[in-house]
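Engineer: Sharing a structure here in structure tokens format.
The values are calculated or read from the model by the stated rules, or taken from the named source; none is laboratory data. Source: prediction; values computed, not measured. Cβ: placed from backbone, ideal geometry, glycine included. Neighbour counts: every protein chain shown. In case anyone asks, the SASA skips ligands and DNA or RNA and just uses the protein heavy atoms, side chains included. Shrake-Rupley method; radii C 1.70, N 1.55, O 1.52, S 1.80 Å.
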Amino acid sequence: MQIKAPRGTKDIIPSESYKWNYLESKFRKICSLYGYEEIRTPIFENTELFQRGVGDTTDIVQKEMYSFKDRGDRSITLKPEGTAGVIRAFIENKMYADAQPTKLFYMIPCFRYERPQSGRQRQFHQFGIEAIGSDTPSLDAEVIELAMQYLKEIGLDNLSVSLNSVGCPVCRKAYNEKLRNYLKEKAEVLCDLCNERREKNPMRVIDCKNEACQENIEDIPLIADNLCSDCQIHFDTLKKYLDEMNISYEIDKKIVRGLDYYKRTAFEIIANGLGSQSTVCGGGRYDGLVEDIGGPAGNSGIGFAMGAERLMLTLEANNVEIEKTNRQDIFIVTIGDMAKLKSFAILKELRDNNISADKDHLDRSVKAQFKYANKIQAKYTVVIGDDELENNQAALKNMETGEQKEIKISELVKELKKEL
Ligand code: HAM
């Protein structure tokens, strides 16, 4: 029996990986331009981090985590998202003692046990940033702008930002009471999970995927209509900053996000034409999270994560082509045993000079070597035969134009440097 990749996972093979390299290098570049530095945290963390960070009434923690006991009987979880691990590292490495804000980015695999479909996998990848150490809306504006700028640079500019404020503990206290009273009346028409969450974490009900629940709570009170004055000012100021930067957005009061750490700003970036999994980016502010997982008070933060697979699908849906840049510069075609032997030295010289080069490794005929060079889209070929070796001559062919010229083998590197 053939062994297949686990359900919900995908191989990224060379016909795809060059696109990933492109998206990753663009992401690195823009992060560096905005002053964000890379952070790498472990792929697994203690389960408690996500229970406390993401929240134990969320779908992620209740239904989707890859958790297991290790051989030392510790409960371990494969990262379902990036923020909690970054904040744990921020605290553990005392990064709060550095000049603030701390601006970090990451590109990571994440794991969620969800029903796989297009744009939804069990192992997927996130490109994310976290800006920690300031609660002013200017950082919120920068984070949203960075996301939009990145998407624009990779060729996607018809995306929309949906924006909301999910309040803070002050406004949520009164609001949650209002919500509980409203939901109590609906107890009979809500699903079991909503009824379970209605007391503990009533805002979660707004995020329920059950259509019947959604139909029954159409007039549910929303936090954006119940903000305290500080949250309202924060939200209004953010909108002013976004207007100043010409970033258009729509207010979507129903965004609550699937993670419990959000306070105030919550946003999503939606790609049109991607079907049900159209959210390419999700983010928001998480004031209080540092404290919740054992760090010092007063370290607010905001960030986002983009789903890399969804970015890829959006690029395809918009017919954005990514050019394959890692083509070989030259393929050496050899005729005869002596040429085959000498091709090792020529190959080494080319590679030493930073010219990507390859030769035949399958004892192919000359015709088949050319066919192969075509297939791998080598930019040039050079034909070397025993006779050519003797008089230091070879034919250099531009595979795109078909142009061919005689060169001295000893000057191959010099010639190619001129051409490439
Ligand atoms: P999230 O909305 O749960 O937020 O995930 C961010 C993005 O990851 C989603 O918008 C989506 O594009 C992608 N994504 C999520 N689940 C899957 C999946 N099963 N398959 C493919 N793509 C998926 C977070 O994870 C937060 N940590 C974001 C954040 C950072 N907030 C503040 N800082």
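Engineer: Through the Karplus equation 6.51 cos²θ - 1.76 cosθ + 1.60, θ set to phi - 60°, convert the phi angles of the stretch 392-407 into ³J(HN,Hα) values in whole Hz; use x for Gly and Pro.
Structural biologist: Listing the rounded values in order: 6, 10, 8, 9, 9, 10, 7, 6, 7, 8, x, 5, 9, 9, 7, 9 Hz.
Engineer: Pop a pseudo-label 7 angstrom from the Cα along the beta-carbon direction at both LEU362 and GLU218 and give the gap in nm to one decimal.
Structural biologist: In this crude spin-label approximation the distance works out to 6.3 nm.
Engineer: Taking amide H atoms as placed 1.01 Å from N in the peptide plane, list the residues 5 or more away in sequence, or in a different chain, whose amide H sits under 5 Å from that of TYR66.
Structural biologist: Amide H to amide H, under 5 Å and 5 or more residues apart or across chains, TYR66 pairs with LEU78, TYR113.
Engineer: Working from the pairwise distances between different alpha carbons, so that the mean of 1/r is found and then inverted, what is the stretch 284-420's Kirkwood radius in Å?
Structural biologist: 18.5
Engineer: Which chymotrypsin sites (Phe, Trp or Tyr not before Pro) from the stretch 43-96 combine a DSSP loop assignment with at most 11 other Cβ atoms within 10 Å?
Structural biologist: none
Engineer: Under a point spin-label approximation (7 Å from Cα along Cα-to-Cβ), what is the GLU406-GLU196 distance to one decimal in nm?
Structural biologist: 8.2
Engineer: Show the residues, 5+ positions off or on another chain, whose built amide H is closer than 5 Å to the amide H of TYR380.
Structural biologist: Correct list: ILE330, PHE331, MET399.
Engineer: Could you tell me the center-to-center distance, by alpha carbons, between the stretch 106-122 and the stretch 34-77 in angstrom?
Structural biologist: That distance is 14 Å.
Engineer: The stretch 280-334 to the stretch 170-241: how many Å between their Cα centroids?
Structural biologist: When both Cα centres are located, 30 Å separates them.
Engineer: Distance between the C-alpha centers of the stretch 245-275 and the stretch 354-414? Whole Å please.
Structural biologist: 54
Engineer: Dipole magnitude of the chain about its Cα centre, charges +1 at Lys/Arg Cβ and -1 at Asp/Glu Cβ only, in debye to the nearest 20?
Structural biologist: 780
Engineer: Summing Lys, Arg as +1 and Asp, Glu as -1, what charge do residues with Cβ under 12 Å from the Cβ of LEU227 carry, LEU227 excluded?
Structural biologist: +1
Engineer: Taking 0.36 nm per residue of separation and subtracting the Cα-Cα distance, what length does fully extending ASP337 through PHE68 add?
Structural biologist: Length gained, ASP337 through PHE68: 91.1 nm.
Engineer: Something else now. Between GLN100 and LEU33, what length in nm is gained on full extension when 0.36 nm per residue of separation is reduced by their alpha carbon distance?
Structural biologist: The GLN100-LEU33 span can extend by a further 22.4 nm.
Engineer: List every residue whose amide H lies under 5 Å from the amide H of CYS168, counting only residues 5 or more places away in sequence or on a different chain, with H placed 1.01 Å from N in the peptide plane.
Structural biologist: Distant-sequence amide H within range of CYS168: CYS228, ARG264.
Engineer: Output the pairs from LYS26/LYS414; LYS371/LYS417; LYS173/LYS240 with a Cα-Cα distance over 29 Å in this structure; if there are none, say none.
Structural biologist: Violating the 29 Å limit, Cα to Cα: LYS26/LYS414.
Engineer: Right, next: Nearest 5 percent is fine: what portion of the DSSP beta bridges confined to the stretch 275-420 is antiparallel?
Structural biologist: 60
Engineer: Could you give me the ³J(HN,Hα) list for the stretch 187-194, computed from phi with Karplus coefficients 6.51, -1.76, 1.60 and θ = phi - 60°, whole Hz, x at Gly and Pro?
Structural biologist: Once θ is set to phi - 60°, the couplings for the stretch 187-194 become 3, 6, 9, 8, 6, 4, 5, 4 Hz.
Engineer: Here's a follow-up. Give the Cα extents of the chain along the principal axes, in whole Å, largest first.
Structural biologist: Here the Cα extents, ordered largest to smallest, are 93, 55, 43 Å.
Engineer: Another one. Measuring from a point 7 Å past the Cα of ASP352 along Cα-to-C-beta, which residues in the stretch 406-420 have an amide N at less than 19 Å?
Structural biologist: Residues 408-418 qualify, since their backbone N sits under 19 Å from the label point.
Engineer: Continuing with the same structure: For the pair PHE344/ILE43, report the inter-label distance in nm, with labels modelled 7 Å from Cα in the Cβ direction.
Structural biologist: Distance between label points: 3.7 nm.
Engineer: Right, here's the next one. Taking the Cβ of ASN398 as the centre, find all other residues whose Cβ is under 10 Å away and add up their charges (Lys, Arg: +1; Asp, Glu: -1).
Structural biologist: After counting each charged neighbour, the total is 0.
Engineer: Give me the net charge for the shell around ARG364: Cβ to Cβ below 12 angstrom, other residues only, Lys and Arg +1, Asp and Glu -1.
Structural biologist: My count for the surroundings of ARG364 gives +3.
Engineer: Once the whole set of protein chains is in place, how much accessible area is left on LEU389, using a 1.4 Å probe, in Å² to the nearest 10?
Structural biologist: Looks like 40 Å² after rounding.
Engineer: I would also like to ask the following. Ignoring ligands, DNA and RNA, how do ARG285, ARG351 rank by accessible area with a 1.4 Å probe, largest first?
Structural biologist: ARG351, ARG285
Engineer: Each residue of the stretch 167-183 in order: what ³J(HN,Hα) in whole Hz does its phi give by Karplus 6.51 cos²θ - 1.76 cosθ + 1.60, θ = phi - 60°, with x for Gly and Pro?
Structural biologist: Working through the residues one at a time gives x, 9, x, 5, 6, 6, 4, 5, 5, 4, 5, 4, 5, 4, 5, 5, 6 Hz.
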